[in-house]
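The values are calculated or read from the model by the stated rules, or taken from the named source; none is laboratory data. Since this is a predicted model, take the numbers as computed values, not measurements. Cβ placement follows ideal geometry from the backbone for every residue including glycine, while neighbour counts extend to all protein chains displayed.
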Amino acid sequence: MLYQLHAHSRTFLTPLMQWAEISAKQWSNLVPPLAHAPFAKRIAAGYELMYRLGKHYDKPLFDIPTTTVNEQVIAISVDTIASKPFCNLIHFKKELSAAASAQLAQAKVLLVAPLSGHHATLLRDTVRGLLPDHDVYITDWTDARMVPLSEGTFHLHDYIYYVQDFIRLLGPELHIISVCQPTVPVLAAVALMATDKDPKLPKSMTMMGGPIDPRISPTKVNSLAVEKPFSWFENNVIYSVPRHYPGAGRRVYPGFLQHAGFIAMNPDRHAKSYRKFHEDLINGKDDSAEEHRKFYDEYNAVLDMSADYYLETIRTVFQEYSLPQGTWEVEGKLVRPQDISTVALFTIEGELDDISGPGQTQAAHDLCSAIPAEKRQHYTAPKCGHFGIFSGRRWREIVCPKIGEFIKTNS
């Protein structure tokens, strides 16, 4: 019922938001006689604020048309090289001749994006930073409400199998980077491959800001997952997709609920951001206002997650701590990180991370006890929050170069 009410409210608000958008443009473009109104900017700012607070945010584009390699600007095409019901594997292909591409010989990187409410485009800056020196692929997870019931279910173990399939597709000379949520299933995927002595094991795995062991430095996110019993999540946050979507009838954890949770974690910060946006519009600070638009175009664009996957993640990762306790079985196979011995490990955390607390990702080193010391590395980014380790100035200037050196060393 809640999902249906949400869908009806979106239908009701759409014409109102279109009117607010048109009105904002009319007043901001200063078309006569509005050009002479002394309060034109204030009215335009009010309409745009209304529009951005009430509009529906579609999935953004990656919008990475070029990269620069050795001071040469190279065009980028975004190609889907593998397609599964709940995920596409995307390649950011450099438009070079076969000979030039072979001569460049860049390390192949699989960037595993989070499936935790936002689209893979949240890692746009991560991709931009990696592209000059690496051949980059990324998992582009599909909004579950767009997947017909005929495509079957999607569980946490399916996530692991998807990752394994992509690793095998891209070959053994591969480096895998996981950001936040996927650190856990990626470690499981590699561990199961190591147990089976799979010849396609990657060369290295870099894990950034993920809940390998959420018992360490628990955050508000961790607390929310344990203060309610598992049955509460089953009965209160799972809904069926309404009939006007391709995935009608599929049980999901809706993106709009996850978004509400994101906002509820820091309501004052978001309210302050929107107040500043309104003031910037009035005062003509266009660059600052545009930065706000770009951030919230991404932040407010959310997707639905399969109920099976979401609930199993809550139970396995945040309530039972199955990975660090050594009790996690994937369809009867025990996940044994201690079997990984040839894959180099780099863990990265933010000193001020309020989503995955300091120490939660570094815990992977204790679990992967067979990896030699010379193949291990850890870095805590000072004065850096969760998003700062994979986006923004600190990512570009500090974190990304460290990952590049690690990959180079372990190629």
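Going by the structure shown, is Leu111 buried (at least 22 other Cβ atoms within 10 Å of the Cβ) and within 23 Å of Glu331 (Cβ to Cβ)?
no
Looking only at the range 282-297, which residues are of a type outside the set (D, E, K, R), surrounded by 12 or more Cβ atoms within 10 Å (Cβ to Cβ) and out of contact with any Leu (no Cβ under 7 Å at 6 or more places or on another chain)?
The answer is Ile282, Asn283, Ser288, His292, Phe295, Tyr296.
Condition first: surrounded by 15 or more Cβ atoms within 10 Å (Cβ to Cβ), modelled with pLDDT of 95 or more and within 22 Å of the chain's Cα centre (by Cα). Now tell me which residues in the range 371-387 satisfy that.
Answer for the range 371-387, where residues must be surrounded by 15 or more Cβ atoms within 10 Å (Cβ to Cβ), modelled with pLDDT of 95 or more and within 22 Å of the chain's Cα centre (by Cα): Tyr379, Thr380, Ala381.
Name the single residue, out of those in the range 340-378 being of a type in the set (A, V, I, L, M, F, W, C) and assigned to a helix (DSSP H, G or I), that is farthest from Val221 (Cα to Cα).
The residue in question is Ala373.
Do the conditions hold for Glu312, that is, is it out of contact with any Cys (no Cβ under 6 Å at 6 or more places or on another chain), crowded, with 20+ Cβ neighbours inside 10 Å, at pLDDT 95 or above and of a type in the set (D, E, K, R)?
Considered against the rule, which asks whether it is out of contact with any Cys (no Cβ under 6 Å at 6 or more places or on another chain), crowded, with 20+ Cβ neighbours inside 10 Å, at pLDDT 95 or above and of a type in the set (D, E, K, R), Glu312 comes out as no.
Is it the case that Pro185 is outside any loop (DSSP other than H, G, I, E, B) and modelled with pLDDT of 95 or more? So that I can check it myself, show each step before the final result.
Details: outside any loop (DSSP other than H, G, I, E, B): yes; modelled with pLDDT of 95 or more: yes.
Here the answer is yes, as Pro185 does meet what is asked.
Which residues, counting only those in the range 245-269, are part of a helix (DSSP H, G or I) and either closer than 13 Å to Leu49 by Cα or of a type in the set (Lys, Arg) (or both)? Spell out the reasoning first.
Taking the range 245-269 as the starting set, the residues that turn out to be part of a helix (DSSP H, G or I) are 255-265, 267-269.
Matches in the range 245-269: Arg269 only.
List the strands (runs of 3 or more DSSP E) inside the range 15-104, counting only whole elements, that have at least 1 residues being over 17 Å from Ile138 (Cα atoms) and at pLDDT 75 or above.
66-69, 72-84
Condition check: modelled with pLDDT of 95 or more and part of a loop (DSSP other than H, G, I, E, B). Does Leu110 satisfy that?
Answer is no for this residue.
If we scan the range 220-227, do we find a residue that is surrounded by fewer than 15 Cβ atoms within 10 Å (Cβ to Cβ), small (Gly, Ala, Ser) and at pLDDT 90 or above?
So far as the range 220-227 goes, no, none of its residues is surrounded by fewer than 15 Cβ atoms within 10 Å (Cβ to Cβ), small (Gly, Ala, Ser) and at pLDDT 90 or above.
Of the residues that make up the range 150-158, is at least one aromatic (Phe, Trp, Tyr) and under 22 Å from Trp328 (Cβ atoms)?
Among the residues of the range 150-158, at least one is aromatic (Phe, Trp, Tyr) and under 22 Å from Trp328 (Cβ atoms), which makes the answer yes.
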